[in-house]
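What follows is one structure encoded as structure tokens, with my remarks underneath.
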Amino acid sequence: MTDSEDAKKPIKAIIADDHPLVLLAIEHLLSSVPNMQVVGRAVDATQLFSKVSRIECDIVVADLYMPGGLTDNAMSIIDEFKCRFPHVALVILTMETKADVLQQVIAHGADAVISKEDRIDLIHVAIVSAIARECYVGPVVRSSIADATLIRRRDYVHSVLSRRELDVFTQYASGMGVTEIASRLGRSVKTISAQKCTAMRKLSLHSDAELFRFAAEHGVIPEDRQRRRS
């Protein structure tokens, strides 16, 4: 088969969700997209594996949590799917919001992860990306992971620095000078300078430029102060 003939072949999809309305919405969307063909539907994991075994398809769009299967563990189901059907791209469509779970879904080999809270037309974007073996992560999922990462980074800073060191570090990173901080906190300039240096040493920072970048990346500076500094 030539490349042009291969390009004209429809992308064959099997969709899986235990909610009939979700299945209907996905099927309606994919049926309206040129070069897409829904060749199977499943309402549980057992039915999904059976259909993929029997029906030729290029991609599966499936909910993360579905009844049926040998295990209720979603990651085990993903592992089994990728083991049995390595040439079938897998798009996970989910209501899950926990960042650690979403990161596991990606780590276990899902080719795309998209939230049911994302725009429904992004399912097609996820499918095209997954077919090309380019991992796609939807906006809501990306936001959940980014927020959780920022919280972990901020918690790290709070765990490393003492309360007074954190206070000095935050105010300095927000654009205040050592003298101004000393006046505001009622401490000597020497004390404030020493606490700033201690904070930088604990965080392995060697310059003010590194300090400002670290503070922004770790959510130490409130957003309104970041805007004022920029």
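With the convex hull drawn over the C-alpha atoms of the range 16-145, the volume per residue is 94 Å³. Among Leu30, Leu93, Leu21, the largest mean-square fluctuation in a Gaussian network model of the chain, built with springs joining Cα atoms closer than 10 Å, belongs to Leu21.
Pick out which of Gly109, Gly40, Gly177 has the largest mean-square fluctuation in a Gaussian network model of the chain, springs linking Cα atoms closer than 10 Å. The residue with the greatest mean-square fluctuation here is Gly177. Net charge in the neighbourhood of His218 (other residues with Cβ under 10 Å of its Cβ; Lys, Arg +1, Asp, Glu -1) is +2. Cα extents for the range 93-143 along the principal axes, largest to smallest and rounded to whole angstrom: 26, 23, 14. For Leu90, what charge total do you get from the other residues with a beta carbon under 13 Å from its beta carbon, if Lys and Arg give +1 and Asp and Glu give -1? So the environment of Leu90 carries a net charge of -2.
What base-10 log of the normalised intensity I(q)/I(0) is obtained for the range 151-203 from the Debye formula, alpha carbons as equal point scatterers, at q = 0.20 Å⁻¹? Cα-only, vacuum Debye calculation for the range 151-203: -0.63.
Rounded if a/c is under 1.5, else prolate if a/b is larger than b/c, else oblate: which is the range 48-124, with a ≥ b ≥ c the root eigenvalues of its Cα gyration tensor? Cα axes put the range 48-124 in the oblate bin. The alpha carbons of the chain stretch over 76, 40, 31 Å along the principal axes, in descending order. Largest accessible area first, the listed residues Lys116, Lys98 line up as Lys98, Lys116 when surface is computed with a 1.4 Å probe on the assembled protein chains.
Among Asp155, Asp63, the sequence by solvent-accessible area, most first, with a 1.4 Å probe is Asp155, Asp63. Count Lys and Arg as plus one, Asp and Glu as minus one, and take only other residues whose Cβ is under 9 Å from that of Gly109; the net charge is then -1. Rolling a 1.4 angstrom probe over the protein heavy atoms with all chains in place gives the chain an accessible area of 54 Å² per residue. Residues whose amide H falls under 5 Å from that of Tyr136, counting only those 5 or more places apart or on a different chain, are Ala112, Val113, with hydrogens built in the peptide plane.
Using the rule -39500 (n - 2.57) for each DSSP H run of four or more residues, divided by the residues of the chain, the 222 nm mean residue ellipticity is -17000 deg cm²/dmol.
Pairwise inverse Cα distances across the range 126-230, averaged and inverted, put the Kirkwood hydrodynamic radius at 15.5 Å.
Highest mobility in the GNM of the chain, judged by mean-square fluctuation with C-alpha springs under 10 Å and restricted to Ile192, Ile114, Ile145, is found for Ile192. With all protein chains in place and ligands, DNA and RNA left out, the 1.4 Å accessible area ranks Ser207, Ser32 as Ser32, Ser207, largest first. For the chain, a simple Cβ point-charge model (Lys and Arg +1, Asp and Glu -1, everything else neutral) yields a dipole of about 1400 debye relative to the Cα centre. Distance from the Cα centroid of the range 33-50 to that of the range 75-126 is 15 Å (rounded to whole angstrom). For the chain, the relative contact order is 13 percent, taking Cα pairs closer than 8 Å that sit 6 or more residues apart in sequence and dividing their mean separation by the residue count.
The values are calculated or read from the model by the stated rules, or taken from the named source; none is laboratory data. Bear in mind that the values here come from a model prediction, so they are computed numbers and not experimental data. Methodologically, a virtual Cβ is constructed for each residue, glycine included, from the backbone with ideal geometry; neighbour enumeration extends over all protein chains shown. Accessible surface is based on the protein model in full, side chains and every heavy atom, while ligands, DNA and RNA are left aside. Shrake-Rupley method; radii C 1.70, N 1.55, O 1.52, S 1.80 Å.
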